[in-house]
């Protein structure tokens, strides 16, 4: 297995999204740098709309991630409720 | 942190970039449009010939018969750069979203008379493919056109046409309960129905036309000059007596867009025509040839929707287009 | 008018369904013109696609969402740019030396954003499937965004600092800028599939994190809030572009087994092309940021070695291996930035940004980050140059350098296994001898010599009299480079003089 990663801006929304990710993915490792936060996680990382909404206290369309995202590594699978990054036969792989 | 430095000591040493200053004739403050639009494209010292068109430089002014001393005269009166463009479109889309939300919530489209709904699906939904053709034609100009001024604006037009194709698609989904059956039927119409073959034929010919300026004239001035007034004004008006008014707010975007975009199209063509007689000759010929073809292409659908009134409507549209062309200095 | 019908609640479509309806099937099989005339460029590279619909945009962006989110990004960004200008934000940076990194960025990188815009427009027109075509068109307009926001952000710096005044003109002429220019023109003149492998995959997915993430974080660290804002605002698009890069590679590999060796060769080529281009970034990170975040070697480890391991392990199931010569890059990571900075120190008279020797404090940092190489090879060199400068004999290299025919960087890189010997390679083609900085660059040439013999090599062009004249001053005038203002060391430059005046003012007027 290898690590997937997501990097977000240190904005108000960005920080709350980071918190949400960490609470949904206990294995996530967080590195904070000036202006950005990088999260790495073995194999797979899942962002759940519901958790982010709880943190932000408002409804959140996962496409809003576009506003905070800096970088990512891994195959992307997005639907209305979750945004998943995964390596190896992840859901974004057509052969799977 | 605030910094208290006497303003006198932090006077700018120059007002704008040197390439912009050369074009403005002086180093004076320039607009964001000017700074971000002039001279972006390379004009020389190309390293390699394109493997896909080895007879040309990567960017090559000789890909059209139109000749200009300076390609940056083809300015956009809207002064769109990416920021102003997206903000303008987001605003227009906000109004459209409200119209969709209203229609969805109130089930308004079911207020359209059943027979008119059939007509509406037949005339409106296949236009998503027309828009997709227009998207490709403008994308092609962005690819092989010359100079950042015209190609920047055609890039915006490219995305506009995709956006409009998607607005039309959403109207289809609104009428078929989200199943997409109306879109499948519309594609069938576009591909097979005699009412649409003239227009599809014209679009396909443009997809392979070599001169990008001709494509610009044919698509953005002439074909749009027929299709938009016909579909979004004449057909829309014809539907008012059949409950079609419920659809009108959903196509408001297209009317606003057409009015706004025509100013740019006219500025580009008028400027090129004024530069020299040869240009005016090409532009006039293209306009005349394509106007004839466009009218023939839309006649079947116009007759299907408007019946005997179609020819008079098309006469009016052709006359408006001719007036527009003459204002631009074209012999039409 | 009909009677009010019963309310019919519209079923809410999921993101996936909605995208499929709004995007798929927009295109049609043309019949009045043959498909291969409408899409003439999808076959000649040898890539076989059996089902264009198998490609899907994982972000599933439609134009309504695109306009909405992009407009919001632009509103935020321009608010920052506006306030940066109004508050003279340039006074808040750590040191005016930092601005030299921006000079290299505006002249070297921003024009590439524009080239990418046109390149994606080409593919956005010519791919057959609606899904990949729309993703390319969105990237085409995004890249235009990046070029324009960079120009707008730097516009304020241009008002106060030298060397930012004529980026496009310089990009097409100045010797070291032919490195990025030729890189991108190489990609844009290739076929659509190679272009996407080059830019979407090798450059965006594998390499640009190195430029945008640590460097932009560094901009923030150095007080440049305007640059970090455009940088991250651009990166938010970049995440979408990176995904296109990975998707397109997988798409090609899944469509036909015969595509695998073609794609592998492109990955090899474009890894090396991109890596050589990024050597300029290595110098920006290690030498041009007054306050540093991480070294080039650390960034390379984080963003190429670790991230690349995961990526290439994932791709290995298709039979794709790591790019050729990645081990050479690993060997070079402890010397790359030092070798490149030395080249620019040597030729500072012909560069549109200022150079300097690292301070004692900076050398301590470099020693710590490069324990096996810095003190051994580079500190003595800098010490010698510093002594020469102190004696009034600042070292300038007066001979025009020999350039690598492929990457166009002066021959200054060393042998993979010997940091003290310059690496030279050469090859003969049609009776002419061509020179290269590395095996990687030589391989690229030998595979397509007919392409690379066309290279517009700045040094050759100067010798052929195509660059304004024979004297350095003539050539610089032709570059629109202001002699004695834009070039030479930071020490003694007009930039420095002005910066010192502002600092003195600041000290005299404490808040």
When chain B is treated as a Gaussian network with springs between alpha carbons less than 10 Å apart, the largest mean-square fluctuation among B:223, B:174, B:283 is found at B:174
Taking the Cα atoms only, what angle lies between the long axis of helix B:248-275 and the longest principal axis of chain B, rounded to 10 degrees? 40 degrees
Does segment A:3-86 come out rounded, prolate or oblate by the C-alpha gyration tensor, with a ≥ b ≥ c the root eigenvalues, rounded set by a/c under 1.5 and, if not, prolate when a/b is larger than b/c and oblate if not? rounded
Take every DSSP beta bridge whose two residues both sit in chain C, then give the antiparallel share in percent to the nearest 5. 90 percent
Do you know the relative contact order of segment B:148-235, to the nearest whole percent, from alpha carbon pairs under 8 angstrom that are 6+ apart? 10 percent
Summing -39500 (n - 2.57) over every DSSP H run of at least 4 residues in chain B and dividing by its residue count gives a helix-only mean residue ellipticity at 222 nm, to the nearest 500 deg cm²/dmol, of -21000 deg cm²/dmol
Points 7 angstrom from Cα along the Cβ direction at residue C:393 and residue C:87: gap in nanometres? 5.0 nm
Per residue of A:30-43, what is the mean number of Cβ atoms on other protein chains within 10 angstrom of that residue's Cβ? 4
Top of B:225, B:281, B:177 by mean-square fluctuation, Gaussian network on chain B, Cα under 10 Å: B:177
Each residue of B:32-43 has, on average, a number of other protein chain C-beta atoms within 10 Å of its C-beta equal to 6
222 nm [θ] for chain A, helices only, -39500 (n - 2.57) per DSSP H run of 4+, per residue, to 500? -6500 deg cm²/dmol
So how far apart, in nm, are the two label points at residue C:478 and residue C:16 if each is 7 Å from Cα heading toward Cβ? 5.9 nm
Degrees, to the nearest 10: B:181-192 long Cα axis against longest axis of chain B: 80 degrees
Mean other chain Cβ within 10 Å across B:161-171 is 5
Relative contact order for segment A:3-86, counting Cα pairs under 8 Å that sit 6 or more residues apart, in percent: 38 percent
For chain C, what is the mean residue ellipticity at 222 nm derived from helices alone (per DSSP H run of n ≥ 4: -39500 (n - 2.57); sum divided by total residues; nearest 500 deg cm²/dmol)? -16500 deg cm²/dmol
Of B:189, B:176, B:236, the one that fluctuates the most in a GNM where chain B has Cα springs shorter than 10 Å: B:176
So what is the relative contact order of segment C:38-508, in percent, for Cα pairs below 8 Å that sit 6 or more residues apart? 17 percent
Would you please classify the overall shape of the protein assembly as shown from the alpha carbon gyration tensor, given that a ≥ b ≥ c denote the square roots of the eigenvalues, rounded means a/c under 1.5, and beyond that prolate means a/b larger than b/c while oblate covers the rest? prolate
Taking a ≥ b ≥ c as the square roots of the Cα gyration tensor eigenvalues, with a/c under 1.5 meaning rounded and otherwise prolate when a/b beats b/c or oblate if not, segment C:270-388 comes out prolate
Output the 0 to 90 degree angle, nearest 10, between the alpha-carbon long axis of helix B:277-306 and the longest principal axis computed from the alpha carbons of chain B. 20 degrees
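Taken together, the values in this text are just the output of simple stated rules run on the coordinates, not laboratory data. On a predicted model such as this, the values are computed, not experimentally measured, just so you know. Ideal geometry is used to build each Cβ from the backbone, glycine not excepted, and the neighbour counts take in all protein chains shown.
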